1. Between a first residue in segment 4-25 that is over 14 Å from Pro111 (Cβ atoms) and of a type in the set (Gly, Ala, Ser) and a second residue that is surrounded by 19 or more Cβ atoms within 10 Å (Cβ to Cβ) and modelled with pLDDT under 95, which pairs have beta carbons less than 7 Å apart while being 6 or more apart in sequence or on different chains?
2. If you take the residues of segment 1-46 that are touching a Lys or Arg at 6+ places or on another chain (Cβ under 8 Å) and β-branched (Val, Ile, Thr), which of them is surrounded by the most Cβ atoms within 10 Å (Cβ to Cβ)?
3. Every residue in segment 120-137 that is surrounded by 18 or more Cβ atoms within 10 Å (Cβ to Cβ) and closer than 23 Å to Leu74 by Cβ, please.
4. Among (1) touching a Phe, Trp or Tyr at 6+ places or on another chain (Cβ under 8 Å); (2) open to solvent by 10 Å² or more (accessible area, probe 1.4 Å), where does Ile93 come up short?
5. Looking only at segment 96-111, count how many residues are surrounded by fewer than 19 Cβ atoms within 10 Å (Cβ to Cβ) and out of contact with any helix residue (DSSP H, G or I) (no Cβ under 7 Å at 6 or more places or on another chain).
6. I'd like to check something: does segment 67-80 contain any residue that is farther than 24 Å from Glu129 by Cβ and of a type in the set (A, V, I, L, M, F, W, C)?
7. If we only count strands (runs of 3 or more DSSP E) wholly inside segment 33-137, which ones have 2 or more residues that are over 13 Å from the mean Cα position of the chain (by Cα) and either farther than 14 Å from Gly15 by Cβ or in contact (Cβ under 8 Å) with a residue 60 or more places away in the chain (or both)?
Amino acid sequence: MILLIRGRGIAKGHGAGLMLVSLEPVSFLSGVDPITGTIVEKGHPLQGENIAGRVLAFPYGKGSTVGSYVLYALSQNGHAPAAIINAEAEPIIATGAIIGKIPMIDRIEVPIQRLKNGVYAEVNGDDGEMLYEGDLA
């Protein structure tokens, strides 16, 4: 099943990959290794997962504004997510996505918790849309 899920475009561009979904917020400052893209925050549900090339969906960001620069660094070293989906964008993640040229959407018409890990998705940050090629939870 292929679904067209609409939202709001935050950072322009197109990105595609397998979904990596967290029901918990993500902190890019000390929560994600800026060199490898591995989530290192102790106790986080995605601890040990790598975000590089994935469509990363999570409710919202948390932590310091330096998190924006971590997203930029991940983009520069080729370990950024292919795209970001948030339930509600906040300035730290939105700024990082924009300066890192990582497509980003938020306010999608399907709750984040209905998205599944490992499903292929294509994000269009220009139009605020996502093609989701799988079943919803």
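1. none
2. Val26
3. Ala121, Glu122, Val123, Asn124, Gly125, Gly128, Met130
4. Just one mismatch for Ile93, condition (2).
5. Residues flagged as surrounded by fewer than 19 Cβ atoms within 10 Å (Cβ to Cβ) and out of contact with any helix residue (DSSP H, G or I) (no Cβ under 7 Å at 6 or more places or on another chain) within segment 96-111 amount to 5.
6. Yes.
7. Hits in segment 33-137: 129-133.
The values are calculated or read from the model by the stated rules, or taken from the named source; none is laboratory data. What you see is a predicted model; the values in this text were computed from it and never measured. Note: ideal-geometry Cβ built from the backbone for every residue, glycine included; neighbour counts use all protein chains shown. Only protein heavy atoms, including side chains, enter the accessible area calculation; ligands, DNA and RNA are left aside. Shrake-Rupley method; radii C 1.70, N 1.55, O 1.52, S 1.80 Å.
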